[in-house]
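First the structure, in the form of structure tokens, and then the observations on it.
The values are calculated or read from the model by the stated rules, or taken from the named source; none is laboratory data. All of these numbers come straight from a predicted model, not from anything done at the bench. Heads up, the Cβs are rebuilt from the backbone with ideal geometry, glycines too, and the neighbour counts pull from every protein chain shown.
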Amino acid sequence: MRIKGSAETLEFRRRLAVTHLQEGKSINAVAKIVKASPSSVKRWKDAWEQKGLEGLKIKRQPGRTPRLNRAQKKQVVKILLRGPRDSGYDTDIWTLARVAEVIDRRLGVKYNPNYVWYILRRLGWSCQKPEQKARECDAQAIRRWRESDWPRIKKERRKAS
């Protein structure tokens, strides 16, 4: 399994392995030093012998370039932190559809609301369920009921048993 690290870090690791091989160390010894499998070290050695340092360079991952660049992703985080009301919504709840709409409106990048979840996860956000609270909730009335009515009801129930 590949170790974690940036592409540049992994390229440095390959170059380090080749340096140790040039010093005359065995493939198994180099594999232990750079914490890689011997087959990987052999592959790096072959690439270096065939193409030189060019064979050890970073190979970019294929695929589409992201629609949002780093600066835009930072903007998305700032927008989310300011809250939905700042973006013109009536409630303080972010939904995927709302986030997709704000990204489109503010940054001009369209996303399917279902895909927005992947973006949010990569940005370190997680799904949160809002706390349910009745709109008609009267904290003073609840406290009064607990202090006066509930003890009375409890006593009446004990007497009935």
Take residue 70 and decide whether it is of a type in the set (Lys, Arg), modelled with pLDDT under 95, within 32 Å of the chain's Cα centre (by Cα) and surrounded by 14 or more Cβ atoms within 10 Å (Cβ to Cβ). no
Report whether or not residue 53 is aliphatic (A, V, I, L, M) and in a helix (DSSP H, G or I). yes
Within the stretch 3-24, restricting to residues that are under 21 Å from residue 60 (Cβ atoms) and free of Cβ contacts under 8 Å to residues at least 12 places away in the same chain, the one that is surrounded by the fewest Cβ atoms within 10 Å (Cβ to Cβ) is 4
I'd like the residue in the stretch 100-153 that is under 27 Å from residue 86 (Cβ atoms), among the hydrophobic types (A, V, I, L, M, F, W, C) and modelled with pLDDT under 90 and, out of all such residues, is nearest to the chain's Cα centre (by Cα). 127
Is it the case, given these coordinates, that residue 65 is under 24 Å from the mean Cα position of the chain (by Cα), surrounded by fewer than 16 Cβ atoms within 10 Å (Cβ to Cβ), of a type in the set (Val, Ile, Thr) and outside the structural domain of residue 115 (by TED's automatic domain parsing)? yes
Test of understanding: among 79, 33, 27, which residue is buried (at least 16 other Cβ atoms within 10 Å of the Cβ) and free of Cβ contacts under 8 Å to residues at least 24 places away in the same chain? 27
